[in-house]
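In what follows, a structure is listed as structure tokens, so that the remarks can point back to it.
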Amino acid sequence: MRVCLTVTGMHCTSCAQSVEKLIQKKEGVENVYVNFATNEASFDTQKTDFNISDLVKEIQDLGYQVKIKESHDAENAFQEEYKQLRKKVLFCTVFSVPLFLFSMITMFIHEHLSYQGWVELALCIPVMLVGWKHFGKSAVRSIRNLYPNMDVLISMSSTTAFLYSVYVLLFDIQAHFYFETAATIITLVLLGNWLEAISIEKTQSAIKALRQLQPAMANLVQKDYFNDTEIIRPIPVEELETEDIVLVKGGDTIPADGAVAEGVIEVNESMLTGESIPQHKNVHSIVYGGTAVMQGSAKIKITKKSKQSLVQEIIDLIQKAQQNKPRLQKMGDNISAVFVPVVLGIAVITFLISFFVFHKNTEFSLLSAIAVLAISCPCAMGLATPTAVMVGLGRASQMSILFKDGQAMENLIKIKYMFLDKTGTLTTGNFTFDETEILDENYTKSEIESLFLSLQQHSNHPVAVSMVKHFTAHNVPLLPLENVESIVGKGVQAEYQGKSVQLGRFYPENNLSDEQKITLWADKKPIAQIRFYDSLKPDAEATIQYLKSENITPILLSGDSAKNCAWIAEKLGIEYFAGVLPTDKLKCIQEYQQKGAVAMIGDGINDAPALKQANVGIAVGSGTQVAIASADIVLRTDKLYSIATAHKIAQKTVQTIKQNLFWAFFYNSVGIPLAAFGLLNPMAGALIMALSDVVVIGNSLRLKVKKI
């Protein structure tokens, strides 16, 4: 089972690491995920008797608030923590600003005022109380449980500066007070946390936008058996059951997934498909909860409850993707995990060397050590990957591309070969036709074409639908037929001018053995044939060119005939494998994986094993549920060029992660030595620490507007 917890009070990746280590120690636990940015902790366990209450208590002993996650708990907790942070920042600023200004004025006049220390102490104490409550409790518990977190560094740096200043004040020592340093460190760190919260809220905008698609109420249609009429009753969407009938009109949002039972409507599905043109929906058409009715009115038969809707499925996929850590994030986490004890060691060494080796005074040595603690927060390192992944996933979902996990992004940019299925992937499923081939001279071409049209209009087979469109566009007239019958697996038969006519595979023993031709029969004799082709998607050539430009070799992999595959492959200029069974597709991918990373894109049940085997499996959104479940990336649109878009988003996201990690390492690797050598004061260190978080998050947010 999957256990999800809402954990509040985590301020950085080190906090998250403490919680993660604690959970990992538990027997029978795997796939542990903790994200301080979203207040979430989750893990899998096969133990039916797993004691969640004990785990919750142990996490609380670390200094965090925990509860078992319910719907939107983490989001609500995040909003509450965001509000509390804002209050704390404003409160601390009210005292820190006058304290800082007062300290600067007295420093400027080069004179200790008799009451100076007591004024600064009075202004500093309220800030210290907030700091001790916010950081201190967590710091003490983390040390006690041997999982020191960043709160230890913040608490130690501010408390040391405060206690040193109190010592100077009480014993009337002629030295500078550092009350303003203690207060400023706490205020700046809280400000940094608040700015993080603002930025993180923006990175989750895609999920919030999807949630807002779901309406609160639905118009339920009920039968009034006493008056033999229908009544409309507004009810909460959560109360809708399958088989319920709801009424929707222009301007309404469809409350849940279903099918049109009555009426005709135009629906805007752009949020789900990326297609801006409204979709025409009539009886039996599938509709999705959260999509907007532009025109018309209809009664919808509900087929899925709101919690099982396509919108909710997309939200779940995005959230699961955020939980999967790419290798780059694991690297950053591993460094952050050992960061706190290392920094504490550097701070102690800084003081000892400064005081005993370079014979600096206590004040200088202590301030250097405090500056090391103040600048060393690894928050930026911990934020480097998850913020970029969150924004990248959100950008992709807005373009109807779903990455099922963050690792899929890294894998996608490494592929060397991409195998593409034919039908429904490279081709549209809308067929084109050659000139009609007359086999019996007793029939004219116009009469034959009219027979084709007249018979096929009684079939719903994809080839038949395309043929009707084809001949209708050429203004072919209909003929009067009698006793028309559509037979599954064979075709359509009827009577025409006293003769029995059939279209399809009625007499295989007399067939002309070409599976891409449809034969017309009259009294059991073939009188005409027409060849059909599955047409290429309009963006197929551009997609193939993009793949080649990225040094990715595209290969057609299909179970269709060699003749059909050769035609497609020649037109696109790619290699192909034809007539392959699902097991053959699997073997083919395994062989190519010896040469490099392989991606597979498909839409059918027969593609599922290959999608699972590939380094990256990509399913077309119109494909089967089996294919979608087996894939790492789902394209919720039939536009093939979405492959190129997905690849570009993955490139930009990984590029952003690397940039973030560089800046995170840069700030710490440059700032800590400067602080250790006394070239950086604690206030500047705290400010730089806060700015490093903002730089990393700001760089991630650029993904929202980067040209794809």
Subset of segment 122-173, residues modelled with pLDDT under 80, surrounded by fewer than 18 Cβ atoms within 10 Å (Cβ to Cβ) and not in a helix (DSSP H, G or I), comes to 145, 146, 172, 173
Only residues that are part of a loop (DSSP other than H, G, I, E, B) and either of a type in the set (Gly, Ala, Ser) or at pLDDT 75 or above (or both): list them for segment 498-525, please. 498, 506, 513, 523, 524
Quick check: is even one residue across segment 667-680 assigned to a helix (DSSP H, G or I) and within 21 Å of residue 415 (Cβ to Cβ)? no
Enumerated helices (runs of 4 or more DSSP H) restricted to segment 378-496, each holding at least 2 residues that are under 41 Å from the mean Cα position of the chain (by Cα) and in contact (Cβ under 8 Å) with a residue 24 or more places away in the chain: 379-398, 406-412, 462-473
Take residue 199 and decide whether it is buried (at least 20 other Cβ atoms within 10 Å of the Cβ) and at pLDDT below 75. yes
Checking 675, 644, 627, 664 in turn, the sole residue that is at pLDDT 80 or above and buried (at least 24 other Cβ atoms within 10 Å of the Cβ) turns out to be 675
Given (1) among the hydrophobic types (A, V, I, L, M, F, W, C); (2) touching a helix residue (DSSP H, G or I) at 6+ places or on another chain (Cβ under 8 Å); (3) surrounded by 14 or more Cβ atoms within 10 Å (Cβ to Cβ), index of the condition residue 567 fails: (2)
Pick from segment 526-564, criterion of a type in the set (Gly, Ala, Ser) and in a strand (DSSP E or B), ranking: surrounded by the fewest Cβ atoms within 10 Å (Cβ to Cβ): 535
Any chance you could count how many residues in segment 540-550 are touching a residue at least 24 places away in the same chain (Cβ under 8 Å) and either more than 19 Å from residue 576 (Cα to Cα) or among the small types (Gly, Ala, Ser) (or both)? 3
Assuming residue 373 fulfils every condition listed in (1) in contact with a strand residue (DSSP E or B) (Cβ under 6 Å, 6 or more places away or on another chain); (2) under 23 Å from residue 669 (Cβ atoms) apart from one, which condition is it? (1)
Taking the stated definitions as given, is residue 30 in a strand (DSSP E or B), among the acidic types (Asp, Glu) and in contact (Cβ under 8 Å) with a residue 12 or more places away in the chain? yes
If we ask which residues in segment 239-289 are of a type in the set (Asp, Glu), under 29 Å from residue 396 (Cβ atoms) and at pLDDT 90 or above, their number turns out to be 2
List the number of the failed condition for residue 473; all other conditions in (1) out of contact with any Ser or Thr (no Cβ under 9 Å at 6 or more places or on another chain); (2) at pLDDT 90 or above hold. (2)
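The values are calculated or read from the model by the stated rules, or taken from the named source; none is laboratory data. Since the model is a prediction, treat every value here as computed from it, not as a measurement. Cβ: placed from backbone, ideal geometry, glycine included. Neighbour counts: every protein chain shown.
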